[in-house]
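The values are calculated or read from the model by the stated rules, or taken from the named source; none is laboratory data. Keep in mind it's a predicted model, so treat the numbers as computed, not measured. No Cβ is skipped: glycine too gets one built from the backbone with ideal geometry, and neighbour counts run over all protein chains shown. Side chains are part of the model used for accessible areas, which takes the heavy atoms of the whole protein and leaves out ligands, DNA and RNA. Shrake-Rupley method; radii C 1.70, N 1.55, O 1.52, S 1.80 Å.
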Amino acid sequence: MTVDAQILTAMRRAGAGSVSGADLAQQLGMSRAAVWARIEELRKLGYEITANPHQGYRLLSTPDALHADDLLARLPDNQIVGRDIRVFEETNSTNDVAEKLARDGVKEGVVVFAEAQKKGRGRLGRQWLSPARKGLWFSVLLRPDLRPQAATQLTVVAATALARAIRRQTNLTPEIKWPNDILLRGKKVAGILTELSAELDHVKYLIIGIGVDVNLTSADLPAELRKTATSLRIESGQPVSRPELAAAVLRELDADYARIRNGQFEALADEWEEQCTTIGRTVTIRIGDRAQTGVAESLDSEGALLLRTQHGRLERIIGGDVTVEK
Ligand code: BTN
């Protein structure tokens, strides 16, 4: 952890109390003047910190911007996801940055955030609108010990963790639309783009790209999206803290990644199914120019959707575009 992350962690642990400059200096092996200089830098970034000569430093408020040190300080217990965090002011796509890190051999768990993306992409070659400081646009690099066929498990993990974090942070009730859309009152608020590099029998690495429309107003949404897309701010009627939500999602993702590593995919799939509005419905799934209609029954052990077709056959579907018919 960097010095700033340690200072923020210490102040967070102190809660409504303070942490003394002398204690910080001792813990960090630096002078009190050097600690003071770091506090000044944090203040410049928008952290409101009071300094009391007798009690020490106290963190009063944090800015809505994403800072790697701040995010790290919020995740002291994460094992894998979020143990390394990189924040960019602007990128083309965070999935591309994560992919480069993967090829460079960076360890799994690194998370790449961008305040804005110039070429954010969605599934099926669509664009993903990523305006500066309005949402969470980030990618997580994982190296799971899985066969490529089971990689859908990770999309299920991501959707479940994301829906849970949104519910806990906002009290809203997200629904999951297979395979990986998060909806609020039927409108899309977040999406997941999983990209993988695999050999025949194993996944080399996998990148989970997550986009959450956090504080967009309806004016930020192009007219053609207003009917189908929304944001947490629009739905809850108030701004939502992006760093708090980012940390909550990474905490849930880390916990759920541990669960599937321990062979507990079934429990997660059950939670996913409970929130999934696609299960039990008659749906049409389009893959390229092929369309398949049937009843979405459940997920199989690898995370694929089991669709009971009109002819009574059970089809295993791993991707596509879903329209709910009834
Ligand atoms: C979808 O619902 O179509 C998936 C949207 C995924 C968007 C995220 S934003 C961060 C990451 N970088 C990208 O270019 N896309 C994903």
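What list of ³J(HN,Hα) values in whole Hz, one per residue of the stretch 172-188 in order, does the Karplus curve 6.51 cos²θ - 1.76 cosθ + 1.60 (θ = phi - 60°) give from phi, with Gly and Pro shown as x?
In residue order, the calculated couplings are 7, 10, x, 10, 9, 10, 4, x, 7, 9, 10, 10, 10, 6, x, 10, 6 Hz.
Taking the stretch 282-324, how much of its Cα-Cα pair set, in percent, is spaced more than 11 angstrom apart?
60 percent
Quick one: accessible surface of LYS204, probe radius 1.4 Å, all protein chains present, in square angstrom to the nearest 10.
90 Å²
Dipole of the stretch 282-324, Cα-centred, from +1 at each Lys and Arg C-beta and -1 at each Asp and Glu C-beta, to the nearest 20 debye?
Taking the Cα centre of the stretch 282-324 as origin, the dipole is about 140 debye.
Rounded to the nearest Å, what's the spacing between the alpha carbon centres of the stretch 261-321 and the stretch 96-129? Just the number, please.
If we compute the Cα centre of each part, the gap is 26 Å.
With a 1.4 Å probe and all protein chains kept in place, how much accessible area does HIS67 have, in Å² rounded to the nearest 10?
We get 40 Å² for HIS67.
Putting +1 on Lys and Arg Cβ atoms and -1 on Asp and Glu Cβ atoms, find which of GLN238, ALA158, ASN78 reaches farthest to the positive end of the dipole of the chain.
The one lying farthest along the dipole's positive direction is GLN238.
Quick one: order THR155, THR173, THR62 from most to least accessible surface, probe 1.4 Å.
Heavy-atom accessible area, descending, gives THR173, THR62, THR155.
Specify, per residue and in Å³, the volume enclosed by the convex hull of the alpha carbon atoms belonging to the chain.
So the per-residue Cα hull volume is 145 Å³.
Of LEU101, GLN127, PHE113, which is farthest towards the positive pole of the stretch 94-138's charge dipole, taken about the Cα centre with +1 and -1 on the beta-carbons of Lys, Arg and Asp, Glu respectively?
GLN127
How high is the relative contact order of the stretch 3-61? Use alpha-carbon pairs under 8 Å, at least six apart in sequence, and give a whole percent.
Averaging sequence separation for qualifying contacts and normalising by length gives 39 percent for the stretch 3-61.
Return the sequence-ordered ³J(HN,Hα) values of the stretch 108-113 in whole Hz as given by the Karplus equation 6.51 cos²θ - 1.76 cosθ + 1.60 applied to θ = phi - 60°, using x for Gly and Pro.
Working through the residues one at a time gives 5, x, 5, 10, 10, 10 Hz.
Any idea what the relative contact order of the chain is, in percent, if you count C-alpha pairs under 8 Å spaced at least 6 apart?
Worked out over the chain, it gives 13 percent.
Which of the listed residues, THR284, LEU306, GLY319, is farthest toward the dipole's positive end in the stretch 282-324, when Lys, Arg count +1 and Asp, Glu count -1 at the beta-carbon?
THR284
Could you give me D for the stretch 3-61, from Stokes-Einstein at 37 °C and 0.692 mPa s, where the hydrodynamic radius is the Kirkwood radius over C-alpha pairs? Units µm² s⁻¹, please.
297 µm²/s
Please give the Cα centre distance for the stretch 162-215 versus the stretch 216-238, rounded to the nearest Å.
18 Å
Determine the dipole magnitude for the stretch 210-326: charges of +1 sit on the beta-carbon of Lys and Arg, -1 on that of Asp and Glu, nothing else is charged, the reference point is the Cα centre, and the result goes in debye to the nearest 20.
Rounded to the nearest 20 debye, it is 320 debye.
Among the lysines, which fall within straight-line cross-link reach of LYS204, defined as a Cα-Cα distance under 16 Å, with same-chain neighbours fewer than 8 residues apart omitted?
Output for LYS204: LYS100, LYS107.
Compute the FRET efficiency between ARG168 and HIS311 as 1/(1 + (r/R0)^6), taking r as their Cβ-Cβ distance and R0 = 35 Å, and round to the nearest 0.05.
In this case the efficiency is close to 0.25.
Leaving ligands, DNA and RNA out of it, work out the accessible area of ARG86 with a 1.4 Å probe and give it in Å² to the nearest 10.
80 Å²
Taking H placed 1.01 Å from N in the peptide plane, check which residues at least 5 places from GLY135 or on another chain put their amide H under 5 Å from its amide H.
Hits under the 5 Å cutoff: VAL214, ASN215.
Rounding to the nearest 20 debye, state how big the charge dipole of the chain is about its Cα centre with +1 on each Lys and Arg Cβ and -1 on each Asp and Glu Cβ.
Dipole magnitude for the chain comes out near 560 debye.
Can you give the calculated 222 nm mean residue ellipticity of the chain, where each DSSP H run of n ≥ 4 adds -39,500 (n - 2.57) and the sum is split over every residue, rounded to the nearest 500 deg cm²/dmol?
The helix contribution divided over the chain gives -10000 deg cm²/dmol.
Each label point is 7 Å from the Cα along the Cα-to-Cβ direction; what then is the distance between the points at GLU266 and SER241, in nm?
In this crude spin-label approximation the distance works out to 3.9 nm.
Below 8 Å, C-alpha to C-alpha, sequence gap of six or more: please give me the relative contact order for the stretch 92-248 in percent.
In percent, rounded to a whole number, it is 23.
Just tell me the longest site-free run in the chain, where the sites are GluC sites (Glu not before Pro) in a DSSP loop having at most 12 other beta-carbon atoms within 10 Å.
1-198
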